[in-house]
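Asker: Let me begin by handing over the structure; questions about it come next.
Every number in this text was worked out from the coordinates using simple rules, so none of it is lab data. Quantities reported herein were computed from a predicted structural model and do not represent experimental measurements. Please note: Cβ atoms are built from the backbone with ideal geometry, for glycine as well, and neighbour counts cover all protein chains shown.
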C-alpha cells in the first residue's frame, strides 16, 4: 500500500495476530482492538475485522470521523459482506483495496441506525439479503417463498414521503434498499435501485391475490432484467429523500438481518455520507451526486387507502378482486347489453340474413361478414357475469335477450328455407351439423377472450365479437334451414352446436370474470356449478361424435391411396371417405388406363380390409384415365 497513507485494522477478540502476521506485516497495518476504536484519527483508512453487530455499533463513529472503510470477510459479518460485495481471503481483499478507489455512497439510516444492506419488513423470502459466501439458488428461494401460501395476509402501513405526501398502503412485504445484493429482487432490475442518488428506494410487494403473488415470484425467475419503469403489477417503487412508515399494531423488521420490533420506521438518506472501499463483488455503480429532490411513486395495481383497508387482516384470495371503479363501469355496460333493444333485434335479423346468403352460396367470406355483424356477444357476456355473481335479474334479462335473438334467427331461416328453391345442403351447412369436443374447446377459448376484452377498456370489443360470433350465427342459421326443410338430423346437429357454444362461452366467461376479480368465489360457485353441469351434459354426445371422428380418421389413414399395382394393372386411388357402421363403408375414386373388372374390385376390397384390419363395404367410383 502507499507509504503516504496509514492503514488501520480494527478487529474484535476473534482476531489471531500470529496467524495473520504475514499479510498484516506485508500491508503495514496498524492493529487496533475494538475497545480502542476512539484512538483512530479522522479521515483514516480503516479495514474492519468485525461481525455485523459490531459494524453497526461503530457506524456512528465511521460517519463522524469520516473514515474510509473496507471490510474483511469476518465469519460473523455475513450481512455486511453481502451488502458491500466482500468475499475472499484477507490477503486477496487487501490487494484489491490497494488498487480500489474510495467511493462516496449514500448513508441510509433507519430510526437513526446506519443501514449497510437493507431493511426488510414482512416475511417475504425473496426480499431478504443474500449471504454472499453461501448463496442460495433461485429455485430454492422460490420454493421457500411458497411456504404458508394459504395464510398470506396484507398489513396496513401509513406512508409519508419527504415531500409530505401521505397514503395508506397494504403490503405483504417491503424492502428499503441500500447496497443490497437481495436474493431474488436485487438480481432482476436493470437499473440501480440506489447507492448514490440521494434517495431512499423502497420496494413493496402488494399482490391482490395468491395468483398475482405466484406470478410475481415466477417473473423473478425468468431470464432478463425488470425495468423500474415496467414493474410487475404486484410491485410498487417508492423513492424519496425520506420515508416514514407507521403501523398501529406495530411490525417486525430486519435491519441488516437483525430482527427489530417498532411501531414507526423512519428512513433517511445522507447523500454521499459514507466513504467506502467497494468489495470485489460489488457491481460498478455511479458515485453519489447531489440529490435532485425528485420523488418517484410507482404504485401500479397495489391496494391503497380504501382498497387496502378492505384487504388488510384477511387471507389473500385465490383470485384478484376488481376495484369498485372497474366493477361499476363493466357492470353498467353489461346491464345495458342484457336488454333486447331495437338496434339489437335489427342487427340480429341482418346478420342472420347475411349468414343464410353465405350458407346457400357456399361462400365463407359472406359468412364471416355475418359473424362480424352479429350482436350475440353482448347478452352472452351479460349472462356470464350474472352467473358469476348469481345475479338473477341480470341472468333473466340476458336469457330473454338471447331467446329473442335466437327466435329472430330461427324464424328468418325457416321462412327463407321455404322460399328458396334448394333442398341440398352445401359444404358450409354440413360443416355445422356434426359438433364434437373440438367445438366445445373453441367455445371455451372464445368465452375467455370475450370476458377478458370486456374487462379491459383498452382492448377493442369488436375483436372478441368476431371470435364469439364465429361459433354462433352459422349454426343458428343452419338449424333454421333444417327446421324449414323438415330435416331433423340437420336441425338437431346445428342446435347441438349452437347450445354447445352458448354453454361453453358462458361457462368460460364466468370463470374468467371470477379470475379477474369481478365476483367472489362464494357467490360464483352456484352459477359456475350450473354451467359446468350443462357443459358436462352436452359433452356426452360431443364425446361420442369426437370418438367417431377419431375412429373414422384412423380408418381413412389406413386405406391405401395413390398409385399401386392391382392384379398387374396400375391404378390410382383417391378421395377416401369412411362412413362408420357394421361393417364400415369405404368410398374411393379409382382411376386407371384400362377398364377394371369385378376381380379388380374384389382385390381392392381385400387389400383395404387387410390394411384396416376388419371387414368393410366398398363403394368405388371408376374412372378411365387416358
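Asker: If you rank 455, 446, 363, 14 by fewest surrounding Cβ atoms within 10 Å, what's the result?
Answerer: Placing the least packed residue first, the sequence is 14, 363, 455, 446.
Asker: Under the 0.36 nm per residue contour assumption, what length would be gained going from the current alpha-carbon distance of residue 603 and residue 89 to full extension?
Answerer: Details: separation 514, 0.36 × 514 = 185.04 nm, distance 8.69 nm.
Stretched out fully, the residue 603 to residue 89 stretch lengthens by 176.4 nm.
Asker: Also, I was wondering about something else. Using alpha carbon centroids, what distance separates the stretch 63-102 and the stretch 319-398, in Å?
Answerer: Here the two parts' Cα centres lie 67 Å apart.
Asker: Could you calculate the FRET efficiency of residue 393 with residue 346 from 1/(1 + (r/R0)^6), where r is the beta carbon distance between them and R0 is 35 Å, rounded to 0.05? Don't skip to the answer; put the middle values down first.
Answerer: Numbers: r = 25 Å, r/R0 = 0.72.
According to the calculation, E is roughly 0.90.
Asker: At a 10 Å Cβ-Cβ cut-off, how would you order 215, 418, 23, fewest neighbours first?
Answerer: In order of increasing Cβ crowding within 10 Å: 418, 215, 23.
Asker: Using alpha-carbon pairs under 8 Å, 6+ residues apart, how would you state the relative contact order of the chain in percent? Could the numbers behind the result be given before it?
Answerer: Numbers: 1235 pairs, mean separation 65.9, N = 626.
Contact order relative to length: 11 percent.
Asker: Another question, if that's okay. Rounded to the nearest 0.05, what FRET efficiency do residue 53 and residue 6 have when you use their Cβ-Cβ distance and R0 = 25 Å? Please report the intermediate quantities before stating the final value.
Answerer: Details: r = 27 Å, r/R0 = 1.07.
So the FRET efficiency works out to roughly 0.40.
Asker: Could you grab the relative contact order for the stretch 376-528? Cα pairs under 8 Å, six or more apart, rounded to a whole percent.
Answerer: Working: 221 pairs, mean separation 58.4, N = 153.
Normalised by residue count, the contact order of the stretch 376-528 is 38 percent.
Asker: Set the Förster distance to 30 Å, then compute FRET efficiency between residue 625 and residue 423 from the Cβ-Cβ distance, nearest 0.05.
Answerer: Values: r = 34 Å, r/R0 = 1.13.
My answer for the efficiency is 0.35.
Asker: Quick one: compute the contact order of the stretch 1-103, relative version, from alpha carbon pairs under 8 angstrom and 6+ residues apart, as a percent.
Answerer: Values: 127 pairs, mean separation 27.0, N = 103.
26 percent.
Asker: So what's the angle, to the nearest 10 degrees on a 0 to 90 scale, between helix 437-455 and the longest Cα principal axis of the chain?
Answerer: Helix 437-455 sits roughly 50 degrees off the main axis of the chain.
Asker: Also: Ranked from highest to lowest mean number of other Cβ atoms within 10 Å per residue, what is the order of the peptides 592-602, 480-490, 422-432?
Answerer: Numbers: 592-602: 13.2, 480-490: 19.0, 422-432: 15.1.
With the highest mean Cβ count within 10 Å placed first, the list reads 480-490, 422-432, 592-602.
Asker: Specify the angular offset, from 0 to 90 degrees and rounded to the nearest 10, of the alpha carbon long axis of helix 521-558 from the longest principal axis of the alpha carbons in the chain.
Answerer: Its long axis makes an angle of about 60 degrees.
Asker: Among 319, 564, which comes first, second and so on when ranked by fewest other beta-carbon atoms within 10 Å? Walk me through the numbers on the way to the answer.
Answerer: Numbers: 319 22, 564 12.
If I rank by nearby Cβ atoms, fewest first, I get 564, 319.
Asker: To continue, here is another question. Report, in deg cm²/dmol and to the nearest 500, the calculated mean residue ellipticity at 222 nm for the chain, where each DSSP H run with n ≥ 4 adds -39500 (n - 2.57) and the sum is divided by the residue count.
Answerer: On the way: 20 runs with 274 residues, N = 626.
Estimated from H runs of four or more residues: -14000 deg cm²/dmol.
Asker: How much of the DSSP beta bridge set in the chain is antiparallel, as a percent to the nearest 5? Working shown, then result.
Answerer: On the way: 67 of 92 bridges.
Given both bridge residues lie in the chain, the antiparallel proportion sits at roughly 75 percent.
Asker: Separate question: Label the stretch 7-101 by shape, choosing from rounded, prolate and oblate, from the square roots a ≥ b ≥ c of the eigenvalues of the Cα gyration tensor; if a/c is under 1.5 it is rounded, and otherwise prolate applies when a/b is larger than b/c, oblate when it is not. Spell out each step's value before the answer.
Answerer: Details: a/c = 1.24, a/b = 1.15, b/c = 1.08.
Judged from the Cα gyration tensor, the stretch 7-101 comes out rounded (a/c under 1.5).
Asker: Treating the angle as unsigned and between 0 and 90°, give the value, to the nearest 10°, between the Cα long axis of helix 324-337 and the longest Cα principal axis of the chain.
Answerer: Roughly 10 degrees, rounded to the nearest 10.
Asker: So, in nm, how far is label residue 258 from label residue 167 when the simple model puts each one 7 Å beyond its Cα toward the Cβ?
Answerer: In this crude label model, residue 258 to residue 167 measures out at 3.3 nm.
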